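Below is one structure, written out as structure tokens; the observations come after it.
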Amino acid sequence: MTMPFTHKKDEVRATGTLEARTPGDQAVQVLLYVIIALVALACVLPFIYVVAGSFATERELTERPFFLIPQDVSLNAYQYILKQGDVFRGLKNSVIVTVIGTLINMFVSCTIAYPLSRPYLKGRNGFINMVIVTMLFTGGMVPAYIMVVNVLHLGNTYWALWLPTAMSAFNMIIIKNYFQGIPMELEEAAIIDGSNDLITFVRIILPLSAPVLASVSLFYAVSHWNSYFNAMLYINNSDMEVITIVLRRLVFLTTQVAEDSTFDWGAAGMPPIKAVKMATTVLSTLPILCIYPFVQKFFTQGVMVGSVKG
Amino acid sequence: MAQTAAVKQSKANARAQKQLGHNTWRKAFMQHYWLYIMMLPALLYMIIFNYLPMTGLYMAFTDFSPFNGDTILESVFGSPFAGLKYFKKLFTGPDFWTLFRNTLSISLANLFFAFPAPIILALILNELRCKWFKRTAQTLVYIPHFVSIVIVAALTFQMFSTTDGAIYHVLTQIFGANAPDLLSDPKLFPTLIVGQNIWKETGYGTIIYLAALSSVDVQLYEAAKIDGAGRWQLMWHVTLPAIRGTIVLMLIMKVGQLLNTSYEQIFLMQNSMNRAASDVFDTYVYTKGITGGQYSLATATGLFKSTISMLMVVTANKIAKLFGESGLY
């Protein structure tokens, strides 16, 4: 990239040192720190509020509009969720969908990313264009729905959540670009030793690609864990509900908690309607937030690799 | 005589070339058969879930009915041809301009407000000198990207509900009875959607710009400082040019998405009160097609939408290349 660095020379004025800072400069710097602090707070405050609210009594939730530490700790919401079972079933189903779905994603993506990363692959441009077309144009919702439900008969199976999203062209290209950056010499050495393409891929390329595999796995896992629309479209068996569906049902649709008479809500006498919503939100966010710190250093790298075109 | 010889020669050449081509394909396959075998799962995937559904777009030009054939495929390809009937129905229908206006107002608002947000945030983060503060802030601002849109919707309801929303409560302190009801006022629907997007994606969106910013040669800054550039001049003449390519790239992608509203999000935030502003092409396809069974109309709508999107990406890419940027492909 060329830097359009055509500064007007006549505007040069002498400054003392390079690090010279005027009071105005310092004020701006302080302001920037304040802005960033506020933005960061805005990102996490809702979560903290929801965690606090999930442990609060229903009375406190109705009376106090906002708090970060509940006055009286109540476990009613979690007890309800434990006994009632929908949320944990949803979590279990989501784990199944996410783990197997991500494995399928990684298998399908890596196995095409490697051939496409080889410059000597005959027909490479054609195959790459085939991928790019899928990014630019789609058949839309209805033909896809017909394919899944009427042609392949995948309705009410998890295959309907795994197969239509088996590969994301974007994520595949991230992996492909990373493979491209691995020095060819390593591969050539293996070929001299009599290795074929498959063995080279498994023994040499994959072990060298841990960072990109980790970050792309995270992208896929997150999108499975969070996916909502496909589950709504294709699954209508309540035993197979994933967590996002349970969450939507509990938060938006029903008054289930209030009507459930099998629970005794103790001295307060109020069913923890709001607290259950909040506790469900907490439980469905928790798994991602637990994995997040471990993969954070990888995914920034992954996004950056993906931004290099190939 | 001489001519026929020449013709013969050129034919032989062509044959040889063809054979050569054939041979190199065969040779390529013999040499690297594993590479081709490895591609099979993904190729199959793309054919089944991307390319075959594209043929289903034929439904947009027929009077589709599930009873027009014994199997679904017979119905899809055997329904009577209807030409542009469903496109006419879409364009002249009473809903079209409402859908068009709603879709565009949401996505243009996204373009004007949600698109620059990560650039601004990245520029600010880039100015911070305190390392640990910067790193902590980055960790925190990426978090919303990783939570489900269902959770974002749930949080929005918990914050803005007129009965017990924490932020709504603050708003009533400021505006009194006129406090904006974000959840049901149709006028505020684009604000609601764009606000959610800004909250969810701004932090994460900075990664790609920060990456571009970190590759700027420090010497450029030093040289500019010697030339007497102030903070704003540095930003204008050094920092922004350095990320211009990235900005253009992201802009092209966004332009291609102008008719694609995130239907999961809109579907979740839609209710009977804000329907006037929240019916967009995507929800229309869903309600007409999947729940209403009008496959031809829904497919025609989808085709209209993806064609416009594709044209816009291609045009934006062309324009970017005219201005000397590298473009998307």
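The values are calculated or read from the model by the stated rules, or taken from the named source; none is laboratory data. Not measured: the values here are computed from a predicted model. For neighbour counting, all protein chains shown are included, and Cβ atoms are generated from backbone atoms with ideal geometry for every residue, glycine included.
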Turns out the helices (runs of 4 or more DSSP H) fully within the range A:58-172 with at least 2 residues that are over 23 Å from A:Leu247 (Cα atoms) are A:86-117, A:124-136, A:141-146
Would you confirm, using the coordinates I've provided, whether B:Ala298 is buried (at least 19 other Cβ atoms within 10 Å of the Cβ) and in contact (Cβ under 8 Å) with a residue 12 or more places away in the chain?
yes
Quick check on my filter: what residues within the range A:104-138 are of a type in the set (Gly, Ala, Ser) and either touching a helix residue (DSSP H, G or I) at 6+ places or on another chain (Cβ under 6 Å) or within 7 Å of chain B (Cβ to nearest Cβ) (or both)?
A:Ser109, A:Ala113, A:Ser117
Taking only pairs six or more apart or across chains, which ones have beta-carbon atoms under 6 Å, a first residue in the range A:193-213 that is among the hydrophobic types (A, V, I, L, M, F, W, C), and a second residue that is assigned to a loop (DSSP other than H, G, I, E, B)?
A:Leu208/A:Ile182
Residues that are closer than 16 Å to A:Thr138 by Cβ and within 11 Å of another protein chain (Cβ to nearest Cβ), drawn from the range B:236-263:
B:Met253, B:Gly256, B:Asn260, B:Ser262, B:Tyr263
If you go through the range A:25-62 one residue at a time, how many are of a type outside the set (Val, Ile, Thr) and either within 9 Å of chain B (Cβ to nearest Cβ) or within 22 Å of the chain's Cα centre (by Cα) (or both)?
15
Can you spot a residue in the range B:266-285 that is within 9 Å of another protein chain (Cβ to nearest Cβ), more than 21 Å from the chain's Cα centre (by Cα) and aliphatic (A, V, I, L, M)?
no
Criterion first (at pLDDT 90 or above and in contact with a Pro (Cβ under 7 Å, 6 or more places away or on another chain)) does A:Phe47 satisfy it?
no
For the range B:47-61, what are the residues that are in contact with a helix residue (DSSP H, G or I) (Cβ under 6 Å, 6 or more places away or on another chain) and either modelled with pLDDT under 90 or within 15 Å of A:Val108 (Cβ to Cβ) (or both)?
B:Asn50
Taking only pairs six or more apart or across chains, which ones have beta-carbon atoms under 9 Å, a first residue in the range A:150-176 that is touching a residue at least 60 places away in the same chain (Cβ under 8 Å), and a second residue that is surrounded by fewer than 17 Cβ atoms within 10 Å (Cβ to Cβ) and assigned to a loop (DSSP other than H, G, I, E, B)?
A:Gly155/A:Asn236; A:Asn156/A:Asn236; A:Asn156/A:Asn237; A:Ala160/A:Leu152; A:Ile173/A:Lys309; A:Ile173/A:Gly310; A:Lys176/A:Gly310
Working carefully through the options B:Phe96, B:Phe64, B:Phe29, B:Phe77, find the one that is in contact (Cβ under 8 Å) with a residue 60 or more places away in the chain, on the phi < 0 side of the Ramachandran plot and touching a helix residue (DSSP H, G or I) at 6+ places or on another chain (Cβ under 7 Å).
B:Phe64
I'd like to know if the range B:253-261 contains one or more residues that are under 19 Å from B:Ile149 (Cα atoms), touching a residue at least 12 places away in the same chain (Cβ under 8 Å) and of a type in the set (Gly, Ala, Ser).
no
With respect to B:Lys288, is the statement that it is without any contact (Cβ under 8 Å) to a residue 60 or more places away in the chain and either outside any helix (DSSP H, G or I) or under 24 Å from the mean Cα position of the chain (by Cα) (or both) true?
yes
Can you name every residue in the range A:165-212 that is of a type in the set (S, T, N, Q) and modelled with pLDDT of 85 or more?
A:Thr165, A:Ser168, A:Asn171, A:Asn177, A:Gln180, A:Asn196, A:Thr200, A:Ser209
Matching entry among B:Asp279, B:Asp227 (being more than 30 Å from A:Val142 (Cβ to Cβ) and either surrounded by 16 or more Cβ atoms within 10 Å (Cβ to Cβ) or of a type in the set (S, T, N, Q) (or both)):
B:Asp227
Name every residue in the range B:112-141 that is closer than 19 Å to B:Leu234 by Cα, among the hydrophobic types (A, V, I, L, M, F, W, C) and either within 29 Å of the chain's Cα centre (by Cα) or surrounded by 19 or more Cβ atoms within 10 Å (Cβ to Cβ) (or both), in order of residue number.
B:Ile119, B:Ile120, B:Leu121, B:Ala122, B:Leu123, B:Ile124, B:Leu125
Having 2 or more residues that are more than 7 Å from chain A (Cβ to nearest Cβ) and either under 23 Å from B:Ile290 (Cα atoms) or in contact with a strand residue (DSSP E or B) (Cβ under 8 Å, 6 or more places away or on another chain) (or both) is the bar; report the helices (runs of 4 or more DSSP H) wholly within the range B:19-130 that clear it.
B:72-78, B:85-92, B:96-109
In the range A:182-195, the residues that are outside any helix (DSSP H, G or I) and more than 13 Å from A:Arg118 (Cβ to Cβ):
A:Pro183, A:Asp193, A:Gly194, A:Ser195
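Answer yes if at least one residue in the range B:83-103 is at pLDDT 90 or above and of a type in the set (Gly, Ala, Ser), and no otherwise.
No, every residue in the range B:83-103 fails to be at pLDDT 90 or above and of a type in the set (Gly, Ala, Ser).
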Given B:Thr172, B:Thr191, B:Thr162, B:Thr156, which one is surrounded by fewer than 21 Cβ atoms within 10 Å (Cβ to Cβ) and closer than 24 Å to A:Ala279 by Cα?
B:Thr162
Quick one: which of A:Met130, A:Met167, A:Met147, A:Met141 is closer than 30 Å to B:Glu74 by Cα and touching a Pro at 6+ places or on another chain (Cβ under 7 Å)?
A:Met147
Filter pass, A:Lys9 being at pLDDT below 85 and either away from chain B (no Cβ under 12 Å) or exposed (fewer than 14 other Cβ atoms within 10 Å of the Cβ) (or both):
yes
For A:Leu250, which of the numbered conditions (1) of a type in the set (A, V, I, L, M, F, W, C); (2) over 21 Å from the mean Cα position of the chain (by Cα); (3) at pLDDT 85 or above fails to hold?
(3)
